[in-house]
Structures are given as C-alpha cells and as structure tokens.
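Shown below is the structure under consideration.
The values are calculated or read from the model by the stated rules, or taken from the named source; none is laboratory data. Since the model is a prediction, treat every value here as computed from it, not as a measurement. With ideal geometry, Cβ positions are generated from the backbone for all residues, glycine too; neighbour counts draw on all protein chains shown. SASA here: full protein model, heavy atoms, side chains in, ligands and nucleic acids out. Shrake-Rupley method; radii C 1.70, N 1.55, O 1.52, S 1.80 Å.
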Amino acid sequence: MVFQELLNKVSFEEVWSKMLEYYPDLVQTNEKYSTVYESLFSKKLTTNLENMIIHIDAIDSDDSPNRDYIEYRVHGKNNSPEWNGYWDISANDWDEWLGFYVDHKVIEDFSSEQIVALCLYEMTWFGFTEEQIKSKTDNLENDKSS
C-alpha cells in the first residue's frame, strides 16, 4: 500500500484529532495543516523508483517529564546499495511521498489516521509549503558547503 491510498481513506478531521493527540502544541496550526492536507489531493503521485518504504518507530524520550509520552520517528528505508540505514524523508517532494510504500508492520500497528497524522507532521518539518521546504533545505546545503 502506498501513502496516497491511506490518505484517500481518511478525513482531515480524523487526522487532525490524532495530530493533536501526539502534538498538542499544534492547536494553533489547524489551518496550515488543513491547507497542506488538501493540497496533497491535487498532487500527481510520482513513481517510487527508489522503492522507498515509510517506517514509523516509537522512541523513548528521556527528556520528557511525562513518562507516558511516546515520540514517533517517521523515516524511509529502501534497498539502496549506498546506504542500508534509514533515510530522512522530511524534505522529499510531496508527490514523492504519495508514492512511498507504507511498511506492512506500520499498517498493522497504526490506524490510517495515525499514519497520515505522523507523516503529515514529518512532511511539514521544514515548512508548510514545498517552496519553504526547498528554501530551508537549500540553506542547509549552502551552510554545509561553506
């Protein structure tokens, strides 16, 4: 199953509810996330040539004062000969995200609403538009090469 298929199964209201469950501080960003969510339906899925698979892992946070709090890490994995670890996919184009496969274990462990909520958060890590994301990642590249 690809991410776009999950997206087509859920409503923004269901996804937003899960986002606030995971990230209560986002309450003021409803409109921004709604705009991103709606924009995904106008994107054309890009063929997943790299066979990227979305993985979601729970990570324990020793920094959290609330021991019941669980953080999640969304990342990609593929059969790349150059890297056998996980890829940071937060800066990938959104049409690429639509074609990413979702790991079967993720589908077993999380609801569609949870998966979309966690992915939406990851997709907007660098900004709420693809232009903002490109600008920030370009600046990171420029800083790294300086």
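Please enumerate the residues belonging to segment 105-146 that are among the basic types (K, R) and at pLDDT below 95.
Hits for segment 105-146 are K134, K136, K144.
Looking only at residues that are touching a residue at least 60 places away in the same chain (Cβ under 8 Å) and either at positive phi or of a type in the set (S, T, Y) (or both) in segment 2-24, which one is surrounded by the fewest Cβ atoms within 10 Å (Cβ to Cβ)?
Checked segment 2-24; the qualifying residue surrounded by the fewest Cβ atoms within 10 Å (Cβ to Cβ) is S17.
Within segment 53-79, restricting attention to residues that are of a type in the set (D, E) and in a strand (DSSP E or B), which residue is modelled with the lowest pLDDT?
Looking at residues that are of a type in the set (D, E) and in a strand (DSSP E or B), I get E71.
Here is a further query. Can you tell me which residues in segment 76-113 are open to solvent by 40 Å² or more (accessible area, probe 1.4 Å), under 14 Å from the mean Cα position of the chain (by Cα) and touching a residue at least 40 places away in the same chain (Cβ under 8 Å)?
Residues satisfying the conditions are A91, D93, D95, E96, Y101, E113.
Kindly list, by first and then second residue, each pair from a residue in segment 25-40 that is aliphatic (A, V, I, L, M) to a residue that is open to solvent by 30 Å² or more (accessible area, probe 1.4 Å), limited to pairs with Cβ atoms under 6 Å and residues at least 6 apart or on different chains.
V36/F128
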